[in-house]
Amino acid sequence: GDDGTGKPKIFIAQISDTAWTALATGTTGAKAANVFFEYKDALYFWQNGTVLSQIKDLESDETPTLTENFETISYTDVAQPIHHKADDSAYFFEDNNVHRLTGETAATFDTGSTTPVLVLPTNMKIVGGAAYGNYLAIVCSPLELGATNSVMYLWDRDSSLTTLTERMDFGSGSLIHLATLDNKLIGILNFSVD
């Protein structure tokens, strides 16, 4: 939720209780509405166009710890992260960049917060992704509708942009969602003009 001013506020309710209890309130700035992600017993969310925040120790017998500047990463657009079971890593998407978070107890970014593990073309923004076998499917829409087509990249999580496994053209619409259904990738496009 939020604190009424757009800043994130985390609540918890025990199964045996009907009341919600506030655990922590962010102070850094407004939350990005489309990302609230659990990984390795912590929750992650973007704030203020500048930081990725983390809250951990959420068990009922612990005191929650909020780290609002878990990583300093400036962004314009963010998409829901993906937990890929093949390498047990979380992949965070901001603008045209992919960041990989790994670790059992102290999660850390592979290359540091300022260096993504994959950089896609700058005229695109990442709008989502999905685990697809051993690959990470990443969907991108153009920053300017009609300037280029939406695309999906299949990435083996090790190669660079120049050696991505596959690039699939999705046409002139804005690709807004990707999901895996019966081992098939399904994309949803929006063809409306703003």
Give the accessible surface of the chain per residue, rounded to a whole number of Å², with probe radius 1.4 Å and ligands, DNA and RNA excluded. 52 Å²
Calculated SAXS-style log₁₀ I(q)/I(0) at q = 0.08, 0.09, 0.13, 0.20 Å⁻¹ - the chain, Debye, Cα scatterers: -0.29, -0.36, -0.74, -1.41
Based on the Cα coordinates of region 1-98, what is the per residue volume of their convex hull in Å³? 108 Å³
Within the chain, how many lysine pairs that are 8 or more places apart, or on different chains, have C-alpha atoms less than 25 Å apart? 16
Extension reserve of the Asp41-His83 stretch, reckoned as 0.36 nm per residue once the Cα distance is removed: 13.9 nm
Given Cα pairs under 8 Å that are at least 6 residues apart, what percent is the relative contact order of region 1-72? 21 percent
By average C-beta atoms within 10 angstrom, highest first, the peptides 133-142, 90-99, 21-30, 120-129: 90-99, 133-142, 120-129, 21-30
Starting at the first residue of region 124-136, write each ³J(HN,Hα) from the Karplus equation 6.51 cos²θ - 1.76 cosθ + 1.60 with θ = phi - 60°, in whole Hz, x for Gly and Pro. 10, 10, 6, 10, x, x, 7, 6, 9, x, 7, 9, 10
Quick check: with the 1.4 Å probe, what order do Trp46, Trp20 take by accessible area, largest first? Trp20, Trp46
Percent carbon-and-sulfur accessible area, the chain, ignoring ligands, DNA and RNA, probe 1.4 Å: 49 percent
Each label sits 7 Å from Cα toward the beta-carbon; between Asp156 and Leu143 the label points are separated, in nm, by 3.1 nm
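The values are calculated or read from the model by the stated rules, or taken from the named source; none is laboratory data. Everything quoted here is computed from the prediction, not taken from an experiment. As a convention, Cβ positions derive from the backbone with ideal geometry for all residues, glycine included, and neighbour counts pool all protein chains shown. Heads up: the accessible areas ignore ligands, DNA and RNA and are worked out on the full protein's heavy atoms, side chains in. Shrake-Rupley method; radii C 1.70, N 1.55, O 1.52, S 1.80 Å.
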